[in-house]
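Asks: Dropping a structure here in structure tokens format, bear with me for questions.
The values are calculated or read from the model by the stated rules, or taken from the named source; none is laboratory data. Small disclaimer: the values here were computed from a predicted structure and weren't measured. Don't worry about glycine lacking a Cβ; one is built from the backbone with ideal geometry, like all the others, and counts go over all protein chains shown.
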């Protein structure tokens, strides 16, 4: 009986030791699995970090592309320039060489739009100067990259230096402010009115009985203080031509143009002709004056006649 108890104690001890041994093996397996997962996470993070650095490096490379070193400057003597509605260009060179501006990313935010007051050098996508944009042309900036910008000109993408544009243009906001001020001055200009001459009104005739006698009716003047639409524009044209301007309908096919209006009040068409002659003599940006004009009437109302005018 005593031997049986001893054997039972030995068997219990062996089972406890065996169970402890199995627990250690399980713990070892779990530890190895956790270490493996941690290693994979570290490697994955390293791979993502390397990828992000690669993308950042590529963007940095794009942002530092030296466009100026790839520009080809050609003066007018090297180009076969032809006149288009918005520009003077040699479009035969547009397909030469490789694209220069396709390798950079233009920033399309915070772009300023312009109206040219002088000739702006323009470039094709291959970086070759092909001519220049004319005066009085709207430049809607589609994006900027350093000192360069891109925009559509006569349905074709063109490129120019912002410094060249700013030297030969005003912003559209500035142009709108000027137009608004001119319109305000025209609307608030004092309209000439014929004063009543009280000396021309005869006093009533009084007889000896102090009975007033009604005066003879005074005829109303038949003259008007306003022109007809046809008279207003004819006087305006005559004033322009008298000041040395030449009437040229061919300007409609390629000249600069703008819209305007003329009040019927006598004296206004004469004033408008003098003002336009002064503007033509002063000229646009850089003092480029003009001596030709042409206009067409587009409509009228009770106060104004509306027209479109062209100049070189």
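Asks: Being over 26 Å from residue 255 (Cβ atoms), crowded, with 21+ Cβ neighbours inside 10 Å and in contact with a helix residue (DSSP H, G or I) (Cβ under 7 Å, 6 or more places away or on another chain) narrows it down to one of 104, 120, 100, so name that one.
Replies: Working: 104 fails: crowded, with 21+ Cβ neighbours inside 10 Å; 120 fails: over 26 Å from residue 255 (Cβ atoms).
That would be 100, the only listed residue that is over 26 Å from residue 255 (Cβ atoms), crowded, with 21+ Cβ neighbours inside 10 Å and in contact with a helix residue (DSSP H, G or I) (Cβ under 7 Å, 6 or more places away or on another chain).
Asks: Applying the selection to segment 77-90, what residues are in contact with a strand residue (DSSP E or B) (Cβ under 8 Å, 6 or more places away or on another chain) and under 30 Å from residue 175 (Cα atoms)?
Replies: Result: 81, 82, 86, 87, 88, 89, 90.
Asks: Here are 244, 283, 255: which of them is in contact (Cβ under 8 Å) with a residue 40 or more places away in the chain and at positive phi?
Replies: Exactly one of 244, 283, 255 is in contact (Cβ under 8 Å) with a residue 40 or more places away in the chain and at positive phi, namely 244.
Asks: Next question. Checking residue 136 against (1) within 16 Å of residue 153 (Cα to Cα); (2) modelled with pLDDT of 90 or more; (3) in contact with a strand residue (DSSP E or B) (Cβ under 7 Å, 6 or more places away or on another chain), which single condition isn't satisfied?
Replies: (2)
Asks: So how many residues does segment 166-184 have that are at pLDDT 80 or above and in a helix (DSSP H, G or I)?
Replies: Matching residues across segment 166-184 total 13.
Asks: Also, I was wondering about something else. Scan the strands (runs of 3 or more DSSP E) fully inside segment 237-312 and keep the ones with 2 or more residues being surrounded by fewer than 13 Cβ atoms within 10 Å (Cβ to Cβ).
Replies: Passing ranges, in order: 256-263, 292-300.
Asks: Restricting the search to segment 152-165, which residues are over 13 Å from residue 121 (Cβ atoms) and either crowded, with 20+ Cβ neighbours inside 10 Å or not assigned by TED's automatic domain parsing to the domain that holds residue 125 (or both)?
Replies: Answer for segment 152-165, where residues must be over 13 Å from residue 121 (Cβ atoms) and either crowded, with 20+ Cβ neighbours inside 10 Å or not assigned by TED's automatic domain parsing to the domain that holds residue 125 (or both): there is none.
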